[in-house]
Amino acid sequence: MDEKEKFVKPYGDTKDDGIIQMSFTIPLSLPLSREVAKRVVREMGLVDENIVYEKDIYGFTFFIIYGKFNKYIDTSKIKIKVEETKKLDYFEIEKIMEEKLDKKIKIIACTLGTDAHTVGLDAIINAKG
């Protein structure tokens, strides 16, 4: 790992600007919800919060907010356990099911239409491709 990769932080427009975009809903109406939203962002440790969108919806307010994260994360201190798993194809899974399961599994499914989701679900259900 080179020195550039050791310390990182998120960026939105320019590298290392620390800008994070988030969206959430506060269960209050404006204007109180606006101040609550700002405090939520500050409690998360972000600064320079900028509300770019707010919509009052029947007593709830939806926000899109930008904030700045001023810290760097030291990636050299992160330990990740990588687990090796064998990817099984459809027929290997079928074989295991036949060997290990006592009962037959029945799958009932239906797709209607010709859009991409329907075609994709049909391919999965019928083990195509």
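For beta carbons closer than 7 Å, sequence separation of 6+ or different chains, a first residue in segment 8-31 that is in the same structural domain as PHE69 (by TED's automatic domain parsing) and farther than 16 Å from GLY45 by Cα and a second that is of a type in the set (Asp, Glu) and at pLDDT 95 or above, the qualifying pairs are SER29/ASP56; LEU30/GLU54; LEU30/ASP56.
Name the residue that is farthest from TYR90 (Cα to Cα), counting only residues in segment 102-126 that are part of a loop (DSSP other than H, G, I, E, B) and polar (S, T, N, Q). Applying the filter and picking the extreme gives THR114.
Among all positions in segment 84-91, there is no residue which is assigned to a loop (DSSP other than H, G, I, E, B) and aromatic (Phe, Trp, Tyr).
The values are calculated or read from the model by the stated rules, or taken from the named source; none is laboratory data. The structure presented is a predicted model; accordingly, all values stated were derived computationally and were not measured. Backbone-built Cβ (ideal geometry, glycine too); neighbour counts: all protein chains shown.
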